[in-house]
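Worksheet: one structure, shown below.
The values are calculated or read from the model by the stated rules, or taken from the named source; none is laboratory data. No experiment lies behind these values; they were computed from the predicted model shown. As a convention, Cβ positions derive from the backbone with ideal geometry for all residues, glycine included, and neighbour counts pool all protein chains shown.
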Amino acid sequence: GESVGLHLPTLSVQEGDNSIINCAYSNSASDYFIWYKQESGKGPQFIIDIRSNMDKRQGQRVTVLLNKTVKHLSLQIAATQPGDSAVYFCAENWGDYGQNFVFGPGTRLSVLP
Amino acid sequence: KAGVTQTPRYLIKTRGQQVTLSCSPISGHRSVSWYQQTPGQGLQFLFEYFSETQRNKGNFPGRFSGRQFSNSRSEMNVSTLELGDSALYLCASSLAGEQQSPLHFGNGTRLTVT
């Protein structure tokens, strides 16, 4: 499929290593954050979310860390696998309702054999 | 549960024409959002519909419009197409009651304007 982003920052990691993908979000009022994974030819796939009343949340092989002081979000993937190769986006949202998320530019994760 | 379904998968249109894209949300989801994805601009919010009403709107010209039906299915329309409208158009549904909830995306409609 067509490339999602032609000049995205790329993170290359060895299979089995841990990956850390970072995201600087824009709005200090943002109170809900999501990480998405997008593979070529597909729509973004939900990975994990976190609300602003938390600093950390864990899922299966993934952990999201939120630092509201510096408006920074990170996604940690443990024991990275070839199937993790994709573009990863963070998304932020604020307000009591409404689903108008603001997405980051994305990071391409490349897993080396 | 079936995921978000978007039709058609691919479209080729000529400048000046208009186009309608369709989206069927996940059963039970009342919110449908539309996003435009391009290599240069990334993912940009177009609009969101909830219970047949536009609840939020992004910063796109009036040529971009949408609607939602009583069964939550949604359509978006782009009139007077321009070359710059070439993009992947993504629909996402969510429960989105009183609290934010994750967007669940379809695989998109790839629109090419020539």
Just for segment A:33-64: of the residues that are more than 14 Å from chain B (Cβ to nearest Cβ) and among the polar types (S, T, N, Q), which one is surrounded by the fewest Cβ atoms within 10 Å (Cβ to Cβ)?
A:Gln60
Over segment B:8-42, the set of residues surrounded by fewer than 15 Cβ atoms within 10 Å (Cβ to Cβ), at pLDDT 95 or above and not polar (S, T, N, Q) is B:Pro8, B:Arg9, B:Tyr10, B:Ile12, B:Arg15, B:Gly16
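Every residue, every condition in (1) buried (at least 20 other Cβ atoms within 10 Å of the Cβ); (2) out of contact with any His (no Cβ under 8 Å at 6 or more places or on another chain), yes or no:
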{"position": "B:Gln44", "(1), (2)": "no, yes"}
{"position": "B:Glu48", "(1), (2)": "yes, yes"}
{"position": "B:Glu75", "(1), (2)": "no, yes"}
{"position": "B:Val78", "(1), (2)": "yes, yes"}
{"position": "B:Ser94", "(1), (2)": "yes, no"}
{"position": "B:Gln99", "(1), (2)": "no, yes"}
Within the bounds of segment A:65-86, is there any residue that is within 29 Å of B:Tyr49 (Cβ to Cβ), within 13 Å of chain B (Cβ to nearest Cβ) and in contact (Cβ under 8 Å) with a residue 24 or more places away in the chain?
no
Return yes or no: is B:Leu11 within 26 Å of A:Ser40 (Cβ to Cβ), in a strand (DSSP E or B) and aliphatic (A, V, I, L, M)?
yes
Is it the case, given these coordinates, that B:Phe45 is more than 11 Å from the chain's Cα centre (by Cα), within 13 Å of chain A (Cβ to nearest Cβ) and on the phi < 0 side of the Ramachandran plot?
no
